Protein chains: 2
Amino acid sequence: MTTADLVGYLSAFLTTLAFVPQALHSWKTRDLSGVSLPMYSLFSLGVAGWLVYGLMIGSWPIILANSITLILACVVLYLKLKH
Amino acid sequence: MTTADLVGYLSAFLTTLAFVPQALHSWKTRDLSGVSLPMYSLFSLGVAGWLVYGLMIGSWPIILANSITLILACVVLYLKLKH
């Protein structure tokens, strides 16, 4: 594994992990007032696109990272739509 | 350009574009209550990592998309820290 690969995997881990505290915060507080609906709509669609891209090129890091992010982003989107 | 490339570029466009309404919403309303500080801390760090990765492998789509996302995520992070 090259240094660039390592930086890539670390970045993928961080940008995926980031949505855990947001989803937990939204779930616990049900405070979605500052969260933008267009953001989570566009973002969920984009992450679904990344997942399709990962499946098309057969890249497991892209498939895994975006599957987890898609679930977490959809939790926030669902709570935003509900509240 | 293959279909997979097209899906990749479209996804990059969507996940970057998504942060525009969030940054605008946070800027205008100054309502950051539902926005998670750990999320934007981890996310900004991760996006900065993606930018470094893009520079290391010389990928302009990764460099461009993550430069824009980094600026927008930092705007939200700054507003969250300030309010």
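The values are calculated or read from the model by the stated rules, or taken from the named source; none is laboratory data. If you're wondering where the values come from, they're calculated on a predicted model, not measured in any experiment. Backbone-built Cβ (ideal geometry, glycine too); neighbour counts: all protein chains shown. All accessible areas refer to the heavy atoms of the entire protein, side chains included, with ligands and DNA or RNA removed. Shrake-Rupley method; radii C 1.70, N 1.55, O 1.52, S 1.80 Å.
Structure summary
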| quantity | calculated |
| --- | --- |
| Pair list, Cβ under 6 Å, 6 or more apart: the stretch A:44-72 residue aromatic (F, W, Y), other residue assigned to a helix (DSSP H, G or I) and crowded, with 20+ Cβ neighbours inside 10 Å | A:W50/A:N66; A:W50/B:S11; A:Y53/B:G8; A:Y53/B:S11 |
| Residues being at the interface with another protein chain (Cβ under 8 Å from one of its Cβ atoms) and in contact with a Pro (Cβ under 9 Å, 6 or more places away or on another chain) - total across the stretch B:1-16 | 2 |
| Residue check for A:A65: among the aliphatic types (A, V, I, L, M), under 20 Å from B:T16 (Cβ atoms), within 10 Å of the chain's Cα centre (by Cα) and more than 7 Å from chain B (Cβ to nearest Cβ) | yes |
| Enumeration of residues in the stretch B:50-69 that are on the phi < 0 side of the Ramachandran plot, of a type outside the set (F, W, Y) and surrounded by fewer than 22 Cβ atoms within 10 Å (Cβ to Cβ) | B:L51, B:V52, B:L55, B:M56, B:I57, B:S59, B:P61, B:I62, B:I63, B:L64, B:S67, B:I68 |
| Residues (at the interface with chain B (Cβ under 7 Å from one of its Cβ atoms) and crowded, with 20+ Cβ neighbours inside 10 Å) located in the stretch A:38-49 | A:M39, A:L42, A:F43, A:G46, A:V47, A:G49 |
| Only listed residue being within 19 Å of B:A73 (Cβ to Cβ) and modelled with pLDDT of 95 or more, chosen from A:L55, A:L14, A:L79, A:L51 | A:L14 |
| Close pairs (7 angstrom Cβ cut-off, 6 or more residues apart or separate chains): within 17 Å of A:G58 (Cβ to Cβ) and open to solvent by 20 Å² or more (accessible area, probe 1.4 Å) in the stretch B:3-19, among the aromatic types (F, W, Y) and assigned to a helix (DSSP H, G or I) anywhere | B:V7/A:Y53 |
| Conditions (1) part of a helix (DSSP H, G or I); (2) of a type in the set (V, I, T); (3) crowded, with 20+ Cβ neighbours inside 10 Å; number of the one not met by B:V35 | (1) |
